[in-house]
1. Roughly how tilted is helix B:22-53, in degrees to the nearest 10 and between 0 and 90, from the longest Cα axis of chain B?
2. Once you've got the GNM for chain A with C-alpha springs shorter than 10 Å, pick whichever of A:16, A:62, A:29 has the biggest mean-square fluctuation.
3. Report, as an integer, the average count of C-beta atoms from other chains found within 10 Å of each Cβ along A:42-50.
4. Report the label-to-label distance for residue A:38 and residue B:211 in nanometres (one decimal), using points 7 Å from each Cα along the Cα→Cβ vector.
5. Average the reciprocal distances over every distinct pair of alpha-carbons in the stretch B:80-197, invert the result, and give the Kirkwood radius in Å.
6. Taking every pair of distinct Cα atoms and averaging 1/r, then inverting, what Kirkwood hydrodynamic radius in Å comes out for chain B?
7. When the Cα atoms of chain A are enclosed in a convex hull and the volume is divided per residue, what value in Å³ results?
8. For the stretch B:138-222, list log₁₀ I(q)/I(0) at each q in 0.13, 0.22, 0.23, 0.24 Å⁻¹, using the Debye formula over Cα point scatterers of equal strength and ignoring solvent, two decimals each.
């Protein structure tokens, strides 16, 4: 089952879970995904060891989509 | 690690900065070396000159030499501070444990073990070996003789420590050069200078990064 998680003050929160073919779960995941992007989060998926990619649409075939906050120079 | 096909979105906020690459890092290293020389050589010359002219003036010479020693140390301290732990430590032990679990899923066994010991995570990139902390990262260049200290963080005081590292790690993996561009440079110099100023518990972290960097070839991956 694929997961959309957000890194936050609880460690992380699972916002949605879906499987390909479950239209209702996918719809809910897409809505949650867009809501978090609108709130300023960036979505990232791992693309192999040491590699990650930012995504702007929910990749339904990904196992894990992580939402992170922007970084800045300190 | 991404090689530029995907640019870190945060780079738009520092559009005036040239994108970091190998050549720019080497240039920064040379500038730091010249700056250190400009800060220390005059003090050494003053000490030597005074001693030649009047040996009894050696106390003035000693003060001058102390300045020559202290200035690079202060800069190194600034560099080591990028790996310090952030002030806020997250809300609860449960949140911290959850964050450590996620970070553990993102890294390999060795990095996981290093994090448990030092609170730092190593990551191999195309520019060298990164040592990532809660509020910054140190890049050890291939060969292990040069450290670039970067101050960079996620602005959320309530995030657990491991989540802070996971944020930086994911951004680094998205776009290494963009990550180094967004981050503020704090110090560039010999890793041993940074190591001396680190908390003792963190020193194995920079040791591991230096060892890994020594094994890297200087040539960019083809």
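Derivation of every value follows stated rules applied to the coordinates shown; laboratory data play no part. Predicted model only: the values in this text are computed from it and were never measured. Cβ coordinates were reconstructed from backbone atoms using ideal geometry, including for glycine residues, and neighbour counts include every protein chain displayed.
1. For helix B:22-53, the angle is close to 30 degrees.
2. In this elastic network of chain A, the residue with the biggest mean-square fluctuation among A:16, A:62, A:29 is A:62.
3. 5
4. 5.1
5. By the Kirkwood definition, the hydrodynamic radius is 14.2 Å.
6. Every distinct Cα pair counted, the radius reaches 18.6 Å.
7. It is 104 Å³ per residue.
8. The calculated log intensity ratios at q = 0.13, 0.22, 0.23, 0.24 Å⁻¹ are -0.47, -1.26, -1.32, -1.36.
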